[in-house]
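No lab work stands behind these numbers, since they all come straight from the coordinates. Computed from a predicted model, the values in this text were never measured in an experiment. Here the Cβ positions follow ideal geometry from the backbone for every residue, glycine too, while neighbour counts run over all protein chains shown.
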Amino acid sequence: MNAERLDPATIEIVRRRLDAIAEEMQAVMLRSAVSPIVREANDASASLFLPDGTLMAQSISLPLLLGCLMPAVQRMLRDFPVAQMRPGDVYLMNDPYDGGTHIPDVSLMVPVFAEGRVIALAGTILHHQDLGGLTPGSLPTTATEIFQEGLRLPPLQLAREGVTDPQILKIINLNTRTPEAFNWDLEAQIAACRVAATRTAELAARHGADALHAMMLELVRRAEAATRAALRAVPDGSWTYEDALDNDGVELDKPVPIRVRVTIAGDEMTIDFTGTSPQVRGPVNAAPAGVMAGCFFALRAITGPDIPNNGGCARPLTVILPEGSLLSPRMPSALNARTGTVKLATNAILAALAPVLP
C-alpha cells in the first residue's frame with residue numbers, strides 16, 4: 001500500500017503508538033530485571049526495527065545507548081536472515097569486535113510476526129552484572145586485551161520456535177559470577193521483546209500488515225527529510241575540536257587525544273576522527289558501535305526533538321573512524337572502559353559545532 005493513500009493523522013497516530021511500544025519495552029525491562037545497574041541506573045535500551053534492520057522507534061534511555069542496537073541487529077541479520085525466522089525465535093550477541101559495544105552489553109533480537117510474515121524486529125540491549133573476566137563486573141581497569149574482559153558471544157540463536165537452547169545458557173552461566181542475575185535479566189530482555197511482538201501485531205491487525213509497513217517506511221522517509229532540512233539550516237563549513245583522556249588506565253602519565261572535524265555540506269553531516277590517538281594498551285579503546293551511538297546522539301541533539309527518532313535520521317550522517325585508532329581498535333585491544341571515551345568524543349562533536357550553533 002502507498003503511504004500517500006493514508007491520511008497524515010493516521011500516520012502520526014501510528015508513529016506515537018510505535019514510540020509507546022518502545023517505551024513499554026523499556027518499562028518491562030526496568031521492572032523485571034534484578035541487577036542494580038539496570039533497575040537503578042537504567043543501563044538498558046529497547047527499539048523496534050523494520051525487517052531489514054532499519055531503526056523504527058526507540059525508547060528514551062541513556063544517550064550512550066541511542067542507536068547502538070542498529071549495528072548489532074544488522075550483524076545478527078547477516079547470520080540469521082528474516083526468511084528463516086519463526087515465531088518464538090530469539091537471537092543474541094555481545095562481541096564488541098562484531099557489532100557490540102563492550103562485553104557486559106548483551107543485544108537481543110526477536111522477530112515480530114503478523115499475517116504469517118515478519119513485519120518488524122524487537123531489540124533490546126542490557127548491561128549485565130557480570131560476564132567473567134579479571135574482575136567482578138567484567139570491567140577490569142588494568143586489562144590490556146579483550147580476553148581478560150570476559151565472555152564474547154557471536155550472533156547466536158538462543159531459542160527456536162519458543163524452545164531455548166540449554167547448551168548456550170550452560171556456557172554463559174559457567175562464565176559469569178552471577179548466573180542467577182544473568183538469567184533474570186535475560187528473561188527481562190526477552191519479556192520486553194514479547195510485549196513488543198504482541199503490541200505490534202495488534203497494530204498490524206488494526207491497520208493491516210501492508211498498510212503498517214507502508215506507514216513505517218513513510219515515517220523513516222519523513223525523518224530523513226526533516227533531518228536533512230535541519231542540516232540545511234546550519235551554515236556550510238568545517239569545524240574542529242580536540243580533547244584528551246587523562247590516560248588509558250595503564251600508562252598513567254600519557255594523555256590520549258581525541259580529535260574531530262565536523263563538516264556540514266548542504267544536507268549532509270560528516271564526523272571525521274582522523275588524528276585521534278592510535279589504540280592504546282589500556283581498556284579505554286571504544287568499539288565503533290558505541291562511537292556511532294555517540295555520533296547519532298550528537299546529530300539528534302542539533303536537529304531537534306520533533307523529528308521521529310528512527311533510522312532515517314542517520315542517513316545524512318557519515319562517520320570516519322580510522323582503523324587501529326582509539327575509536328576503531330584492532331583485535332585484541334581491551335575496550336571495557338569505553339564509556340568515558342565515547343562521552344568525550346560526543347562532547348568533542350558538540351564543542352566543534354559550538355561556534356556555529358552556540
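If you take the charge dipole of region 231-353 about its Cα centre, with +1 on Lys and Arg Cβ and -1 on Asp and Glu Cβ, which of Gly311, Val284, Ala265 is farthest toward its positive end?
Gly311
So who's got an amide H within less than 5 Å of the one on Ile320, skipping anything under 5 residues away but keeping other chains? H placed 1.01 Å off N, in plane.
Residues meeting the criterion, in which the H sits 1.01 Å from N, are Ile271, Asp272, Phe273.
Hydropathy first: keep DSSP H helices in the chain averaging at least 0.5 on Kyte-Doolittle, then drop any whose Cα extent along the axis falls short of 15 Å, and list what survives.
The qualifying helices are 288-303, 338-353.
Treat every Asp and Glu Cβ in the chain as -1 and every Lys and Arg Cβ as +1, leave all other atoms uncharged, and give the resulting dipole magnitude about the Cα centre to the nearest 20 debye.
Dipole of the chain, to the nearest 20 debye: 340 debye.
Of Ala298, Gly100, Val163, which is farthest along the charge dipole of the chain in the positive direction, counting Lys and Arg as +1 and Asp and Glu as -1 at C-beta?
Val163
Among Ala114, Ile125, Gln26, which residue has its Cα furthest toward the positive end of the charge dipole of the chain, with +1 on Lys/Arg Cβ and -1 on Asp/Glu Cβ?
The residue sitting most towards the positive pole is Ala114.
Amide H neighbours of Glu268 under 5 Å, at least 5 residues apart or on other chains, H built in the peptide plane: list them.
Long-range HN contacts for Glu268: none found.
Roughly what % of DSSP beta bridges within the chain run antiparallel, to the nearest 5?
Once the DSSP bridges in the chain are tallied, antiparallel ones form about 90 percent.
Output needed: percent of Cα pairs per 10 Å distance bin for the chain, bins running from 0 to the one holding the longest distance.
Distribution as computed: 6, 25, 32, 25, 11, 2, 0 percent.
How do 211-219, 323-331 rank on mean C-beta neighbours within 10 Å, highest first?
211-219, 323-331
About its Cα centre, what dipole magnitude does region 119-233 give when the only charges are +1 on Lys and Arg Cβ and -1 on Asp and Glu Cβ, stated in debye to the nearest 20?
Rounded to the nearest 20 debye, it is 440 debye.
Taking the Cα centre of region 231-353 as the origin, how large is its charge dipole in debye, to the nearest 20, when only Lys and Arg (+1) and Asp and Glu (-1) carry charge on their Cβ atoms?
Dipole of region 231-353, to the nearest 20 debye: 240 debye.
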